[in-house]
2 protein chains.
Amino acid sequence: MNSRPKPIRVLQLGLGPIGVSSAELVLHRDDLELVGAVDCDPEKAGRTVGELIGSTSCSVPIVADLAAALDESRPDVVLQTTGSRLPQVADQLKCCIRGGASVVSTCEELLYPWYRHADLAEELDTLARARGIRMLGTGVNPGFVMDLIPVMVSASCKRIESVYVEREVDASTRRGPLQQKIGAGMEASRFRELAAEGKIGHVGSCESASLILHGLGWRADSLTETIEPVIADRAIQTDFVRVEAGRVAGIHQVAVATRGDAEIVRLDLKMYVGAKEPYDRVRLAGDPAIDLSFKGGVAGESATIANLINAVPRLIALPPGIRTVLDLPAAADGRV
Amino acid sequence: MNSRPKPIRVLQLGLGPIGVSSAELVLHRDDLELVGAVDCDPEKAGRTVGELIGSTSCSVPIVADLAAALDESRPDVVLQTTGSRLPQVADQLKCCIRGGASVVSTCEELLYPWYRHADLAEELDTLARARGIRMLGTGVNPGFVMDLIPVMVSASCKRIESVYVEREVDASTRRGPLQQKIGAGMEASRFRELAAEGKIGHVGSCESASLILHGLGWRADSLTETIEPVIADRAIQTDFVRVEAGRVAGIHQVAVATRGDAEIVRLDLKMYVGAKEPYDRVRLAGDPAIDLSFKGGVAGESATIANLINAVPRLIALPPGIRTVLDLPAAADGRV
């Protein structure tokens, strides 16, 4: 049944830790072909992807100019791993649209861009439809554990009253940029200043909650988010940072949606260095109730890259425009 | 964003315990409208659905003739809850196709009809495509726990070596027909005779395994199934049957797919009266490994009915033909 189609041509945009691993996984997949790589870092542009990942077998050059790379390599899909905020990456997205390439992105706000950037989302969606390409934001979170999974398992519920997701992540095992993003090693007062300015914390909690609301066809009266520091109870040394006892170990971030007096969605995320028993737990109150746990949690970077790459063959069969992970089928026909 | 479209017109075909609950749930949904009901049982035909479910508000008549009911009520979708084996229900499916109605069915073999009935599946698929309608087999198992969930969570894996699913169900809480199907109360020798003749046990284990193989793009060298009795270690009384100690409490059914020397899929199902700690567990060996448990398991009948009904708005947007649960998006746009 699975006749082997031509590989999907892929360009990797962004070669930070996630982008490099993404390019590596593309090279291991029979159904994908790495045809281009773009990074604006002058240390990287001019080298080959093979040099970056320590493999001689890949001679795809890294270039700095996205438009030229698109023109040169004619990818079907761009894997974008460059920024968390939609306005940061919008010019790149427009460039991809002009180049006729669909985009699968780790941009957290692209998971559900209508939440924070309705006008920009509308503009991008219209451009994408006109050009016949698709755009999707995904990853392990947002994109899987705290949004897709609860909606997906709601298929087994006749009735749902509320959704409650807890995720506890040991940031010690994660990449350096993530440890910075959660304020590991910082003083609590500084953390709170940055949190108040929206400069620290996980991006995507409200997008995840919005996606759940959308997926369940729910309307909320309010959607709010809080960010608090998790304080280290002992000194912790990671590969990237040393956290003294009493300093910030990471974040505790909670998004809550209400309707009337009822809390209908609660997404409770702790990411900190030194978490001893990471886990993910998804509970739906309803008929039947669902209580689902991932032992040890769904591992961060690998799972983000997997979600990114596994979305590619499933996305390209969908109608053009901005799509969400809720639109994806569980498997692409003929997926390898 | 969710403008309310016209409700989807639904006909309930089969009014056993599952069918009655299915019709009830349809009546509770704003996005669905019950327009017809069919059952061949002369005790039921001639009454109304409302009489059967103990509600005066539904006057939809139950009729015995499917073709006439289709012609009369012009449903968009037929909910079929009549049989486990594809050849048993094929005439009904053809009748639905002729009537221009898509079908969502609890027929276990329709989950992946190509496994046991390649020719019949081909015939039905061709007819369905020609008439522009869709057919889907679903339920909690097969259709969710032991097949869709492992494929769906594989989105978070860069690489998968094997899939192992365990499901333990307390059949005491399930409907009478299910307790019969698993041989509760029988002598072990009689159970083994019936198992050897294929007349007892859960239908769908090999279909679930085939669906996983399809979803992961895997080829197997072998796919085999074993059925053993679970013997009661004490007397158990349910609403439907009394099981003496030493008699059959239920089934232990295992489907295994191998490639070379490696076991790549193992689906281990125990359904018996008196199971003390029901659960579902899905493990994927790979990078990252996934170890996922549903505490208490995903409750049987309610979850089957939910999967059936929740599939309706998601199915009708798909291309015509026989579809599988792997083709369904996690949510339909505008789903209520």
Evaluate the relative contact order of the range A:1-42 (contact order divided by residue number), counting alpha-carbon pairs under 8 angstrom at least 6 apart; express in whole percent. 49
What are the label-to-label distances in nm, one decimal and shortest first, from A:R219 to the same spot in the other copies, with labels 7 Å along Cα to Cβ? 5.4
As a test of understanding, state the convex hull volume per residue of the protein assembly as shown from its alpha carbons, in Å³. 172
Got the B:P177 label distances to the other copies yet, label 7 Å along Cα→Cβ, in nm, shortest first? 5.5
Taking the Cα-to-Cβ direction at A:R131 and at A:Q180 and moving 7 Å from each Cα, how far apart do the two end points lie in nm? 2.9
In nm, spacing of pseudo-spin labels at B:S57 and B:K199 (7 Å Cα→C-beta vector): 4.5
Karplus-derived 3J(HN,Hα) from phi for the range A:46-61 (6.51 cos²θ - 1.76 cosθ + 1.60, θ = phi - 60°), whole Hz, x at Gly and Pro, runs x, 8, 9, 4, x, 4, 5, 9, x, 9, 7, 7, 10, 9, 4, x
Residues with amide H under 5 Å of B:T48's amide H, sequence separation 5 or more or different chain, H placed in the peptide plane at 1.01 Å from N; which? B:I62
Mind putting a number on the dipole of the range B:148-297 about its Cα centre? Charges go on the C-beta only, +1 for Lys and Arg and -1 for Asp and Glu, and I need it in Debye to the nearest 20. 320
For A:L328, the residues 5 or more places away or on another chain with a placed amide H closer than 5 Å to its own amide H are B:A330
Could you give the distance between the Cα centres of the range B:238-278 and the range A:270-336, to the whole Å? 29
Residue-wise, which Karplus ³J(HN,Hα) couplings in Hz belong to the range B:67-80, taking 6.51 cos²θ - 1.76 cosθ + 1.60, θ = phi - 60°, and x for glycine or proline? 4, 5, 5, 4, 5, 6, 9, 6, x, 6, 9, 9, 9, 9
May I ask you to sort B:H214, A:H28, A:H117 by Cβ crowding, counting other Cβ atoms within 10 Å and putting the fewest first? A:H28, A:H117, B:H214
If the chain between A:K295 and A:A118 were fully stretched, how many nm would it gain, using 0.36 nm times the residue separation less the Cα-Cα distance? 60.1 nm
So A:A67 and A:D221, fully extended at 0.36 nm per residue minus their Cα-Cα distance, gain in nm 51.2 nm
Can you give the FRET efficiency to the nearest 0.05 for A:A317 and A:E161, using r as the Cβ-Cβ distance and R₀ = 45 Å? 0.85
Taking every DSSP beta bridge with both residues inside the range B:148-297, roughly what % is antiparallel (nearest 5)? 80
Relative contact order (%) - criterion: Cα under 8 Å, at least six apart; region: chain B: 20
Per the C-alpha gyration tensor (a ≥ b ≥ c, the square roots of its eigenvalues), the range A:254-321 is rounded if a/c is under 1.5, else prolate if a/b beats b/c, else oblate; here it's oblate
Given the range B:37-79, report the % of alpha carbon pairs whose separation exceeds 13 Å. 52
Could you check what % of the DSSP bridge pairs in chain B are antiparallel, to the nearest 5? 55
Mind running the shape call on chain B? Use the C-alpha gyration tensor, a ≥ b ≥ c as the square roots of the eigenvalues: rounded below 1.5 for a/c, prolate if a/b tops b/c, oblate otherwise. oblate
What are the radius of gyration and Dmax of the range A:157-294, computed over its Cα atoms and given in Å? 16.3, 49
List, shortest first and in nm to one decimal, how far the label point of B:A262 (7 Å from Cα along Cα→Cβ) is from its counterparts in the other copies. 4.7
What value, in deg cm²/dmol to 500, does the helix sum -39500 (n - 2.57) over DSSP H runs of n ≥ 4 give at 222 nm once divided by the residues of the protein assembly as shown? -9000 deg cm²/dmol
Karplus-derived HN-Hα couplings along the range B:163-168 (A = 6.51, B = -1.76, C = 1.60, θ = phi - 60°), whole Hz, x at Gly and Pro: 10, 9, 10, 10, 9, 10
Counting sequence-distant residues (5 or more places) and residues on other chains, those with an amide H built under 5 Å from that of A:V265 are A:V163, A:A257
Which of rounded, prolate or oblate describes the range A:113-195 when judged by the alpha-carbon gyration tensor and an a/c cut-off of 1.5? oblate
Give me the distance between the Cα centres of the range A:30-56 and the range B:163-202, rounded to whole Å. 55
Once the Cβ-Cβ distance between B:D287 and A:S84 is put in as r, and R0 is 22 Å, what FRET efficiency do you end up with, to the nearest 0.05? 0.35
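The numbers here are math on the coordinates, done by the rules we state, and not lab data. This one's a predicted model, so the numbers in the text were calculated from it and none came from an experiment. When we count neighbours, we look across all protein chains shown, and the Cβ atoms used for this are built from the backbone with ideal geometry, even at glycine.
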